[in-house]
1. Which value at 222 nm does the chain reach when only helices count, each DSSP H run of 4 or more adding -39,500 (n - 2.57), with the total divided by all residues and rounded to the nearest 500 deg cm²/dmol?
2. Looking only at Gly53, Gly64, Gly22, which one moves most when the chain is put into a Gaussian network model with springs between Cα atoms under 10 Å?
3. Per residue, how much accessible area does the range 1-59 show when a 1.4 Å probe rolls over the protein heavy atoms, in square angstrom?
4. Could you work out the local net charge near Asp19, counting Lys and Arg as +1, Asp and Glu as -1, over the other residues with Cβ closer than 12 Å to its Cβ?
5. Kindly write out, for the range 6-14 in residue order, the coupling ³J(HN,Hα) from the Karplus curve 6.51 cos²θ - 1.76 cosθ + 1.60 (θ = phi - 60°), rounded to whole Hz, with x marking Gly and Pro.
6. If you take the square roots of the eigenvalues of the alpha-carbon gyration tensor of the range 35-81 and sort them as a ≥ b ≥ c, do you get rounded (a/c under 1.5), prolate (a/b over b/c) or oblate?
7. Give the residue from Ile42, Phe12, Met1 lying farthest towards the positive end of the charge dipole for the chain; charges sit on Cβ (+1 for Lys and Arg, -1 for Asp and Glu) and the dipole is referred to the Cα centre.
8. Share of the chain's accessible area from carbon and sulfur, percent, 1.4 Å?
Amino acid sequence: MLPLNYAILKLFEDGSEYDVCGVIDQLKDKYRKFRAFKPAGINESLMSAEQNGLLDAVRYELDGNNELHVFYKANEYGGGMIRDYIK
């Protein structure tokens, strides 16, 4: 099994876009017991990937509870890096 941060990045390899809730939904079966598998930990991983140039924030939505959801997508550079370096 991949480390959690790598598994998060692999989700974006095919050009999909996800917010924190989408990442959790996709990975919950394998990673729900990981200590960092909480919204704050997932958000930190996504923001770190953005700061490192792998992901871009592509849209923002407010849900029914007025909570902001930031959706990320791998850019061309990030997609290539993910495909080349995370097996």
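The values are calculated or read from the model by the stated rules, or taken from the named source; none is laboratory data. Since this is a predicted model, take the numbers as computed values, not measurements. Please note: Cβ atoms are built from the backbone with ideal geometry, for glycine as well, and neighbour counts cover all protein chains shown. Remember, those area values only see protein heavy atoms, side chains included, never the ligands or the DNA or RNA. Shrake-Rupley method; radii C 1.70, N 1.55, O 1.52, S 1.80 Å.
1. Numbers: 4 runs with 43 residues, N = 87.
Counting only the DSSP helices, I get -15000 deg cm²/dmol.
2. Maximum among the listed residues: Gly64.
3. Values: 3670 Å² over 59 residues.
For the range 1-59, the per-residue accessible area is 62 Å².
4. Once all neighbours under 12 Å are counted, the net charge is -3.
5. Running phi through 6.51 cos²θ - 1.76 cosθ + 1.60 with θ = phi - 60° gives 5, 4, 4, 4, 4, 4, 8, 4, 8 Hz.
6. Numbers: a/c = 3.19, a/b = 1.41, b/c = 2.26.
It comes out oblate by the Cα gyration axes.
7. Farthest along the dipole direction, towards plus: Met1.
8. Working: 2840 of 5780 Å².
The nonpolar share, carbon plus sulfur, comes to 49 percent.
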